[in-house]
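Student: Got a structure here, written out as structure tokens. Questions coming.
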Amino acid sequence: MSYLLDEQAPASAAGWLDRHRGGQAGLAGRWRALDMRRWLQLGLAALWLIDALLQVQSVMFSTAFGQTLAATAPGNPALIAGPITWAARLTEAHPGWTNAAFASVQLFLALGIAWRPTVKLALAASVAWSLSVWWLGEGLGGVLNGTADPVSGAPGAVIIYALLAVLLWPAGRAGPFEAARPAGAGPARLAWLALWGSFAYFAVQGANRAAQGLHSMMSGMAAGEPGWLASLDRGTASLLAGRGTGVSIVLAVLFAVVALGIFLPVPWARATVLLAAAVAVLIWVAGQNFGGILAGSATDPNTGPVLVLLAAAYWPVPRSAAGVGQE
């Protein structure tokens, strides 16, 4: 009997190893089979997962989170500010379960988008959730109260999540870039124009174009950040002192170029997409401190990463590769 067991054990182990290797090869094959659209959807799922993880920081389970929500109400029309104030009071009164609900919803959105059978339901739910958070949690990104600043993250990362959910909706039609597949290239380019055009508009509005506007913003960002990042903030603030107006105009022109460049022929459109990604990374580092994640109080990574993901969705593909992908 022991002889038989000794002879069978290697065979059993070899069979398990073969199945294991076959499973690994099958999994690797499935990952390679994912098309660009699915990778972009998984990128959006990753952003929601990061938001969920940030939402379970200890500070979020205190009244500070509700106070942060309340701070977005001033300056907004009463119709907008009233529900924000109500939501903030509810969150302050019950910080534990309200924040747990926030984190849970964002986790479910991440998992729903990542799991192919529920991707449509999760994308639709993410649009509804994004719009509600943009209103009740971000005060519409300051668009109506004159505080919107694209450098610091206006009009808000969460509204771009909603845009991405629409542009990445599973679609069987062909397109010159992934964002064009649900509704066509024309509407997708208009959405890009509206977003980046709004950046150009906000950049030269009110306090954003004041001589000391950018200097004041950067000076106030150093608090709570690691020493090296706080030093970068102070150095950038010093560089911008008295130059806010000129820098705002340069940024507005840059944003306008990005907004319009998507309508150019393919080589120039690709250059525009690369420029958009570079600008997104620049403002994420120098203007948003990586979304404030290192300070321990961020609820999302801000607009930098989501704008890079959006740029990837607009990358022009060769005509031969612009066919129907796997959904």
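The values are calculated or read from the model by the stated rules, or taken from the named source; none is laboratory data. Bear in mind that the values here come from a model prediction, so they are computed numbers and not experimental data. Please note: Cβ atoms are built from the backbone with ideal geometry, for glycine as well, and neighbour counts cover all protein chains shown. The protein model used for the area step is the full one, side chains on, heavy atoms only, and it has no ligands, DNA or RNA in it. Shrake-Rupley method; radii C 1.70, N 1.55, O 1.52, S 1.80 Å.
Student: Has the range 188-210 got any residue that is outside any helix (DSSP H, G or I), out of contact with any helix residue (DSSP H, G or I) (no Cβ under 6 Å at 6 or more places or on another chain) and free of Cβ contacts under 8 Å to residues at least 40 places away in the same chain?
Tutor: no
Student: Can you tell me which residue within the range 63-81, out of those that are open to solvent by 40 Å² or more (accessible area, probe 1.4 Å) and either out of contact with any Leu (no Cβ under 8 Å at 6 or more places or on another chain) or part of a helix (DSSP H, G or I) (or both), is nearest to Gln106 (Cα to Cα)?
Tutor: Within the range 63-81, the subset open to solvent by 40 Å² or more (accessible area, probe 1.4 Å) is 63, 67-68, 71, 74-75, 77-79.
Adding the requirement that they be either out of contact with any Leu (no Cβ under 8 Å at 6 or more places or on another chain) or part of a helix (DSSP H, G or I) (or both) leaves 63, 67-68, 71, 74, 78-79.
Values: Thr63: 20, Gln67: 21, Thr68: 19, Ala71: 22, Pro74: 27, Ala78: 28, Leu79: 26 Å.
Among those residues, the one meeting the criterion is Thr68.
Student: Report yes if Leu260 is farther than 21 Å from Ala295 by Cβ, open to solvent by 40 Å² or more (accessible area, probe 1.4 Å), touching a Leu at 6+ places or on another chain (Cβ under 9 Å) and aliphatic (A, V, I, L, M), otherwise no.
Tutor: yes
Student: Mind telling me which of the residues Ala101, Ala110 ends up being under 30 Å from Arg38 (Cβ atoms) and in contact with a Phe, Trp or Tyr (Cβ under 9 Å, 6 or more places away or on another chain)?
Tutor: On the way: Ala101 fails: in contact with a Phe, Trp or Tyr (Cβ under 9 Å, 6 or more places away or on another chain).
Testing whether each residue is under 30 Å from Arg38 (Cβ atoms) and in contact with a Phe, Trp or Tyr (Cβ under 9 Å, 6 or more places away or on another chain) leaves just Ala110.
Student: Now, a different point. Just for the range 211-228: of the residues that are assigned to a helix (DSSP H, G or I) and of a type in the set (A, V, I, L, M), which one is surrounded by the fewest Cβ atoms within 10 Å (Cβ to Cβ)? Steps first, answer last, please.
Tutor: Going through the range 211-228, the residues assigned to a helix (DSSP H, G or I) turn out to be 213-220, 227-228.
Pick out the ones that are also of a type in the set (A, V, I, L, M) and you get 214, 217-218.
Details: Leu214: 30, Met217: 20, Met218: 24.
Among those that are assigned to a helix (DSSP H, G or I) and of a type in the set (A, V, I, L, M), it is Met217.
Student: Which residues, taken from the range 158-187, are part of a helix (DSSP H, G or I), within 21 Å of Trp115 (Cα to Cα) and open to solvent by 30 Å² or more (accessible area, probe 1.4 Å)?
Tutor: Leu163, Val166
Student: Let me ask another. Of these, Leu239, Leu274, Leu232, Leu254, which one is among the hydrophobic types (A, V, I, L, M, F, W, C), touching an Asp or Glu at 6+ places or on another chain (Cβ under 9 Å) and open to solvent by 40 Å² or more (accessible area, probe 1.4 Å)?
Tutor: After ruling out the rest, the residue left standing is Leu232.
Student: Residues Leu254, Leu275, Leu309: which one is part of a helix (DSSP H, G or I), in contact (Cβ under 8 Å) with a residue 12 or more places away in the chain and under 30 Å from Gln55 (Cα atoms)? Can you show your working first?
Tutor: On the way: Leu254 fails: under 30 Å from Gln55 (Cα atoms); Leu275 fails: under 30 Å from Gln55 (Cα atoms).
Sole residue among the options that is part of a helix (DSSP H, G or I), in contact (Cβ under 8 Å) with a residue 12 or more places away in the chain and under 30 Å from Gln55 (Cα atoms): Leu309.
Student: Take Glu138 and decide whether it is open to solvent by 50 Å² or more (accessible area, probe 1.4 Å) and charged (D, E, K, R).
Tutor: Against the criterion (open to solvent by 50 Å² or more (accessible area, probe 1.4 Å) and charged (D, E, K, R)), Glu138 does not qualify.
Student: Report whether or not Pro150 is touching a residue at least 40 places away in the same chain (Cβ under 8 Å), part of a loop (DSSP other than H, G, I, E, B) and under 16 Å from the mean Cα position of the chain (by Cα).
Tutor: Answer is yes for this residue.
Student: Kindly indicate whether any position in the range 265-275 is touching a Pro at 6+ places or on another chain (Cβ under 6 Å) and β-branched (Val, Ile, Thr).
Tutor: For the range 265-275, residues touching a Pro at 6+ places or on another chain (Cβ under 6 Å) and β-branched (Val, Ile, Thr): present.
Student: Which residue out of Ala93, Ala46 is more than 30 Å from Lys120 (Cβ to Cβ) and among the hydrophobic types (A, V, I, L, M, F, W, C)? Give the steps one after another, and end with the answer.
Tutor: Working: Ala46 fails: more than 30 Å from Lys120 (Cβ to Cβ).
Going through Ala93, Ala46 in turn, just one is more than 30 Å from Lys120 (Cβ to Cβ) and among the hydrophobic types (A, V, I, L, M, F, W, C): Ala93.
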